[in-house]
Amino acid sequence: MYKRSEQTREALVSAAAELIATGRFADAGLVNICRVAGVSRGALYHHFASIAEVVAEVYAQARERATALVEDAFAGPAADAPARFSLALGAAMAKDQLICAGMGLGADGTDSAPRLRDEVLGMVRDRMFEEARDAAAPDSLADLAVVVTAGLESLGYTDSGWWDPRQTERVWGILRPLFADVQESGVRAER
């Protein structure tokens with residue numbers, strides 16, 4: 001019984017994510033979510049008190065995945081972390097409807113600011129600033145990392161080619177020398 005209940009809950013979350021990722025926020029209404037999930041309205045209200053609660057769960061699951069992308073990107077050398085994050089985010093946006101939908105959502109289950117996108121980019125900026133604090137103009141490097149990542153993420157909504165790893169690599173290939181200073185500064189500071 002529990003397994004079926006959990007499957008229904010996940011089907012509702014997946015349906016809401018699919019509708020938001022492939023359409024508009026307004027498409028994730030009661031009738032559409034139930035139709036895509038293949039469940040009744042009663043089943044939706046058994047698991048969630050409102051549509052906003054379903055959408056808030058999309059946000060929560062997307063936040064967990066996006067936070068893992070940030071953590072993974074910053075687990076390696078700092079100079080490549082923004083590029084690694086941009087690559088991982090682009091791949092996730094292209095293949096994972098939960099992340100694609102969640103990036104435009106707020107924790108309250110609406111599409112109002114602050115959105116997950118803002119929160120994740122803030123995490124990247126904070127981590128980049130921390131890693132680059134001994135470099136010249138660490139705030140500028142952190143801002144550049146966020147602007148490039150935000151640009152690639154935004155452009156991908158109208159042309160998914162911007163989420164292609166080759167495109168991201170091309171852009172970061174131009175910028176990587178600027179971020180090499182982050183690594184060099186950290187090494188000098190340790191000595």
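So here's what we get for this one:
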item	result
From the options Val148, Val120, residue that is out of contact with any Phe, Trp or Tyr (no Cβ under 8 Å at 6 or more places or on another chain) and either surrounded by fewer than 19 Cβ atoms within 10 Å (Cβ to Cβ) or assigned to a helix (DSSP H, G or I) (or both)	Val120
Any pair with Cβ under 6 angstrom, 6 or more apart, that starts in segment 1-23 at a residue that is without any contact (Cβ under 8 Å) to a residue 60 or more places away in the chain and ends at one that is outside any loop (DSSP other than H, G, I, E, B) and of a type in the set (A, V, I, L, M, F, W, C)	Thr8/Ala43; Ala11/Ala37; Leu12/Ala37; Leu12/Leu44; Leu12/Val54; Ala15/Ile33; Ala15/Val36; Ala15/Ala37
Residue that is nearest to Ala15 (Cα to Cα) [pool: residues in segment 73-91 that are open to solvent by 20 Å² or more (accessible area, probe 1.4 Å) and part of a helix (DSSP H, G or I)]	Ala91
Unmet criterion (only one of (1) part of a helix (DSSP H, G or I); (2) buried (at least 16 other Cβ atoms within 10 Å of the Cβ)) for Glu6	(2)
Hey, Val70 β-branched (Val, Ile, Thr), assigned to a helix (DSSP H, G or I) and within 11 Å of the chain's Cα centre (by Cα) or not	yes
One residue from Ala62, Ala52 being in contact (Cβ under 8 Å) with a residue 24 or more places away in the chain, touching a Gly at 6+ places or on another chain (Cβ under 6 Å), open to solvent by less than 10 Å² (accessible area, probe 1.4 Å) and closer than 18 Å to Thr110 by Cα	Ala62
Flag if Val31 is over 19 Å from the mean Cα position of the chain (by Cα) and open to solvent by 70 Å² or more (accessible area, probe 1.4 Å)	yes
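The values are calculated or read from the model by the stated rules, or taken from the named source; none is laboratory data. On a predicted model such as this, the values are computed, not experimentally measured, just so you know. Note that we place each Cβ from the backbone using ideal geometry, even for glycine, and neighbour counts take in every protein chain shown. To get the accessible areas, we keep the full protein, side chains included, count just its heavy atoms, and leave off ligands, DNA and RNA. Shrake-Rupley method; radii C 1.70, N 1.55, O 1.52, S 1.80 Å.
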